[in-house]
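Asker: One structure, as structure tokens, below. Some questions next.
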Amino acid sequence: MDLSAGFVFTCPFKTNSGNKALSHLPVELAGLNAARPLVVASAGTEGRKAVKILRSAFGDSGMTLGLFDNVTQTADLGLVDHLKNLCLEKKYDAVIALGGGKAADVAKVLNLAVSLKTPDVRQLLPEAPIRVRLLPLVVAPAAGADGLETSRFAHLGRKVFSSESLAPVLAVLDPRLAKGKSSIGMAAAGIAALGRAVESHIQADQNPFRKAYSFAAIRFVRENLSVAVADPGNRKAALALLNAAAMSGCAFSNAAAGRLHKLGQVFYDLLGIPQGVIMAMCLPHILGDYLKEGQYDLAALFQPLAGDDAFARTPAGKRAEAACDLLNRLLKELQNALGKDLPKSLAEAGVSGYRKEEILDVLGADAEGRYLCGVVERVANGRPERKG
């Protein structure tokens, strides 16, 4: 590996992972000079369960715990503006994102708005410079976390906020939150983490720190996803996937946004389809194109996917294609196990022609818009992937 060109890597958050990791949160907050955190949680049964577990951790801590537990898929900057006013009025001094998805996005933008004392969050510009230290942000992902929780990104109101300052200072990974109830939820989360880790791992620029994170994320998913899908309540497998998601978010923050991420994100933002579901459709097509283009280090995927022994036995010239075969086989196994719950095309996912055109309009503005729109057309009715 030639490092003469130099590289930059940032991972701003500490990770607490393991049994009853949430129980240490009051001590961690005290170390950050915080005593009045506001918890931002997802709506629904899973959100209420997570809140109950979190409350027990704060039992006799003496801390004042604020709570907003009604974040839905339709959360927007208007909601953040309301929460900003609440934070300033109650003088909350930290933000805890409990769960994943929109709860983490809302918490990140809320932290930015409170720290900047933005008069109207709806006027907040993603490119606005951040010259102040933000409040401590803690993320405690739950089952279904896709990795963006630990990243430097927040997607809200069709705006993409990006800054190292938006990343959390602490990620708490507790198996009580990691356990899921649905196989498709575990599959979608695992595939989303895998997709971002894969695209971070194969990029041409040499960054050994990023590769270390993406390598571990890929291996964790490969070793645990099938188990978690078969038994969403398996604590060991669920916690491994939560760690994989956290690592993939860190790797992704130090890489250029890849094609899988762009496709998964736009379908999630506009239609609410889990990113992993879209990535599962698109991955075979994009892998085939990456292999054909020859600009990406697909061979580097073989070791975390196949293991050290298989890597040593396989000639270097065959590792790229072998890695693609392993990924495609994993996806087919999941599709066979989940059936219609993991659709193979947009038609099976219930995406109408009208909504597809809306997606194409948004993707068309991207620098790779023509290519991305082409992938959407290929997965519209389950067209076979191109061969490398």
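Asker: Against the conditions (1) part of a loop (DSSP other than H, G, I, E, B); (2) of a type outside the set (Asp, Glu); (3) in contact with a helix residue (DSSP H, G or I) (Cβ under 7 Å, 6 or more places away or on another chain), where does Arg319 fall short? Just the number, please.
Answerer: Among (1) part of a loop (DSSP other than H, G, I, E, B); (2) of a type outside the set (Asp, Glu); (3) in contact with a helix residue (DSSP H, G or I) (Cβ under 7 Å, 6 or more places away or on another chain), Arg319 violates only (1).
Asker: Could you list, in sequence order, all residues of the range 98-133 that are crowded, with 20+ Cβ neighbours inside 10 Å and either farther than 30 Å from Ile278 by Cβ or of a type outside the set (A, V, I, L, M) (or both)?
Answerer: Those that are crowded, with 20+ Cβ neighbours inside 10 Å and either farther than 30 Å from Ile278 by Cβ or of a type outside the set (A, V, I, L, M) (or both): Gly99, Gly100, Gly101, Lys102, Asp105, Lys108, Asn111, Val114.
Asker: How many of the residues making up the range 168-179 are buried (at least 24 other Cβ atoms within 10 Å of the Cβ) and in a loop (DSSP other than H, G, I, E, B)?
Answerer: The total comes to 2.
Asker: Taking Asn33 as the residue in question, decide whether it is more than 24 Å from Gln265 (Cβ to Cβ), assigned to a loop (DSSP other than H, G, I, E, B), among the polar types (S, T, N, Q) and modelled with pLDDT of 90 or more.
Answerer: In short, yes.
For every residue, the table says whether it meets (1) in contact with a His (Cβ under 8 Å, 6 or more places away or on another chain); (2) of a type in the set (A, V, I, L, M); (3) closer than 20 Å to Leu242 by Cβ.
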{"site": "Leu86", "(1), (2), (3)": "no, yes, no"}
{"site": "Pro126", "(1), (2), (3)": "no, no, no"}
{"site": "Leu135", "(1), (2), (3)": "no, yes, no"}
{"site": "Ala154", "(1), (2), (3)": "no, yes, yes"}
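Asker: Hey, another quick one. Within the range 337-359, can you find the residues that are touching a Leu at 6+ places or on another chain (Cβ under 9 Å) and assigned to a helix (DSSP H, G or I)?
Answerer: Arg355, Lys356, Glu358, Ile359
Asker: Within the range 190-204, is even one residue assigned to a helix (DSSP H, G or I), without any contact (Cβ under 8 Å) to a residue 60 or more places away in the chain and over 21 Å from Thr15 (Cα atoms)?
Answerer: No: zero hits.
Asker: Restricting to the range 300-339, what's the tally of residues that are in contact with a Ser or Thr (Cβ under 7 Å, 6 or more places away or on another chain) and either within 17 Å of Gly288 (Cβ to Cβ) or surrounded by 15 or more Cβ atoms within 10 Å (Cβ to Cβ) (or both)?
Answerer: Going through the range 300-339 one residue at a time, the tally reaches 3.
Asker: Say whether the condition of being aliphatic (A, V, I, L, M) and crowded, with 22+ Cβ neighbours inside 10 Å is met by at least one residue in the range 85-92.
Answerer: Within the range 85-92 (the criterion being aliphatic (A, V, I, L, M) and crowded, with 22+ Cβ neighbours inside 10 Å), the answer is no, since none of the residues qualifies.
Asker: Okay, next question. Can you name the residue in the range 219-258 that is among the hydroxyl-bearing types (Ser, Thr, Tyr) and either surrounded by 20 or more Cβ atoms within 10 Å (Cβ to Cβ) or free of Cβ contacts under 8 Å to residues at least 40 places away in the same chain (or both) and is also farthest from Gly180 (Cα to Cα) among such residues?
Answerer: Ser253
Asker: When both residues are 6+ apart or on different chains and their Cβ atoms are under 6 Å apart, which pairs have a first residue that lies in the range 162-178 and is free of Cβ contacts under 8 Å to residues at least 60 places away in the same chain, and a second that is of a type outside the set (S, T, N, Q) and outside any loop (DSSP other than H, G, I, E, B)?
Answerer: Between residues of the range 162-178 that are free of Cβ contacts under 8 Å to residues at least 60 places away in the same chain and residues that are of a type outside the set (S, T, N, Q) and outside any loop (DSSP other than H, G, I, E, B), the close pairs are Ser162/Phe153; Leu166/Lys108; Leu166/Ala154.
Asker: When the range 198-210 is examined, which residues are found to be surrounded by 20 or more Cβ atoms within 10 Å (Cβ to Cβ), farther than 21 Å from Asn328 by Cα and at pLDDT 95 or above?
Answerer: Arg210
The values are calculated or read from the model by the stated rules, or taken from the named source; none is laboratory data. On a predicted model such as this, the values are computed, not experimentally measured, just so you know. Cβ atoms come from the backbone with ideal geometry, glycine included; neighbour counts cover every protein chain shown.
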